[in-house]
1. When only alpha-carbon atoms count, how far does the stretch 133-217 stretch along each of its three principal axes, as whole angstroms with the largest first?
2. Which order do the peptides 168-176, 128-136 come out in when sorted by mean C-beta neighbours inside 10 angstrom, highest first?
Amino acid sequence: MRSLERHRDVGAYALGVLDEADAFRFEDHLMECPRCAAQVTEFGPATRQLMLYRSSTPRLVHPLAEPGPRMLDRLLSQVAARDRASRHRLLLALAASVVFAVSAPAIALVAEDGGGRAVSIAATDERSGVWAQVTTEDRAWGSHVELKVKDGAGPRACHLVVVGRDGSEETVTTWGVPRHDARPHTMLGGSALHPEEIVRYEVRAGDGEHLVTLEPR
């Protein structure tokens, strides 16, 4: 069987109409021809539909013209390889998304649990060196607020203030920064303002110094 004839026998092999000798020779060809192997796989759904359509008539296909064990192993290996490649591409895409989310100071959707949608914003002040992240969740009574902050310039007292669109200010939570402690600390608080009514969040020291400002986009 010449190479060109082998390529043309893809449909006949998928339908099982090759005789035993030609089927064995075609399987040897498939071991070396990825294009034909892929076409045999693509013929699968059409072949099954045709067999269902002809199920009420006598079977004319040669009983030995089924894919042999080597061919089945080859096709299964190809499917497994494609699945692994797909999972690898997905993991790379997820990793790229995580890197982008960490490096960009943008709003990120966190969760929808119980109340409303929770969003996070983060910022670092170049002058003070203070980093903060605020996660706000809309509630019926206002906003549930979680603050994470890293400040290595302690000891000092600090507080988080929300500023409304009408210019009003409200202290959400207060805390004390230990001496020479740059670990992130987490505080919880609440505001009577809803997230859409808040124009910015300000971390301030006890003496009123602005340490970092976070503005929703």
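Rule-based calculations on the coordinates, nothing more; no lab input. A quick note: this is a predicted structure, and the numbers were derived from the prediction, not measured. All Cβ positions, even for glycine, are placed from backbone atoms using ideal geometry, and neighbour counts span all protein chains on display.
1. Here the Cα extents, ordered largest to smallest, are 38, 21, 21 Å.
2. Details: 168-176: 14.4, 128-136: 20.8.
So the peptides 168-176, 128-136, ranked by packing, come out 128-136, 168-176.
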